[in-house]
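Following: one structure in structure tokens, then a few remarks.
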């Protein structure tokens, strides 16, 4: 199964592709590390949505796992961020899961990442997207 972990901050969606094959993790190369919404109009959102849908199709992604953000309080996600999330969730035929930080922590506690993040070859800003994808895959791995 190949998934795309997503961490949304402001007008950017940071992505990390991750697959689990025969109990081994693979981090495939991806042409985009983050997608930015420069134009918040309907036209800009449609453009972002189509760019993301193309990425999903090109890399044959089975599921998109979005790290859930708070809707209220000091660390609440921005309105633009929620627009990005909705644009991704509304892509036809795409399996999208919003994964809560509590579930991510629980999954990581049961299945710690065996390799230090610095050795994954990913950029530091991709770590939340990576841990989201990893935690979800570990929680849903049928070989547990």
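The values are calculated or read from the model by the stated rules, or taken from the named source; none is laboratory data. Predicted model, so just to flag it, every value in this text is computed and none were measured. We place every Cβ from the backbone using ideal geometry, glycine too, and count neighbours over all the protein chains shown.
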Considering every residue within segment 16-24, establish whether at least one is surrounded by 11 or more Cβ atoms within 10 Å (Cβ to Cβ) and out of contact with any strand residue (DSSP E or B) (no Cβ under 7 Å at 6 or more places or on another chain).
-> yes
Taking only pairs six or more apart or across chains, which ones have beta-carbon atoms under 7 Å, a first residue in segment 19-44 that is on the phi > 0 side of the Ramachandran plot and touching a residue at least 40 places away in the same chain (Cβ under 8 Å), and a second residue that is assigned to a loop (DSSP other than H, G, I, E, B) and loosely packed, with under 15 Cβ neighbours inside 10 Å?
-> 23/143
Does segment 99-112 contain any residue that is buried (at least 18 other Cβ atoms within 10 Å of the Cβ) and assigned to a strand (DSSP E or B)?
-> yes
Residue 81 being closer than 14 Å to residue 133 by Cα and in contact (Cβ under 8 Å) with a residue 60 or more places away in the chain = no
Any chance residue 83 is at positive phi and either in a helix (DSSP H, G or I) or within 15 Å of the chain's Cα centre (by Cα) (or both) | no
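Condition check ((1) within 13 Å of residue 6 (Cβ to Cβ); (2) surrounded by 16 or more Cβ atoms within 10 Å (Cβ to Cβ); (3) modelled with pLDDT under 95) across all residues:
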{"residue": "29", "(1), (2), (3)": "no, no, yes"}
{"residue": "65", "(1), (2), (3)": "yes, yes, no"}
{"residue": "69", "(1), (2), (3)": "yes, yes, yes"}
{"residue": "72", "(1), (2), (3)": "no, no, yes"}
{"residue": "81", "(1), (2), (3)": "yes, yes, yes"}
{"residue": "116", "(1), (2), (3)": "no, no, yes"}
{"residue": "121", "(1), (2), (3)": "no, no, yes"}
Failed item in (1) closer than 20 Å to residue 37 by Cβ; (2) free of Cβ contacts under 8 Å to residues at least 40 places away in the same chain; (3) not in a helix (DSSP H, G or I), with residue 72 passing the rest = (1)
Can you find a residue in segment 48-61 that is within 12 Å of the chain's Cα centre (by Cα), farther than 12 Å from residue 6 by Cα and part of a loop (DSSP other than H, G, I, E, B)?
-> yes
Of the criteria (1) surrounded by fewer than 17 Cβ atoms within 10 Å (Cβ to Cβ); (2) within 16 Å of the chain's Cα centre (by Cα); (3) in a loop (DSSP other than H, G, I, E, B), which one residue 40 fails | (2)
How many residues of segment 1-26 are assigned to a loop (DSSP other than H, G, I, E, B) and either at pLDDT 95 or above or closer than 20 Å to residue 99 by Cα (or both)? The answer is 3
Could you check, for segment 88-95, whether at least one of its residues is surrounded by 19 or more Cβ atoms within 10 Å (Cβ to Cβ), under 23 Å from residue 135 (Cα atoms) and either in contact with a strand residue (DSSP E or B) (Cβ under 8 Å, 6 or more places away or on another chain) or without any contact (Cβ under 8 Å) to a residue 12 or more places away in the chain (or both)?
-> yes
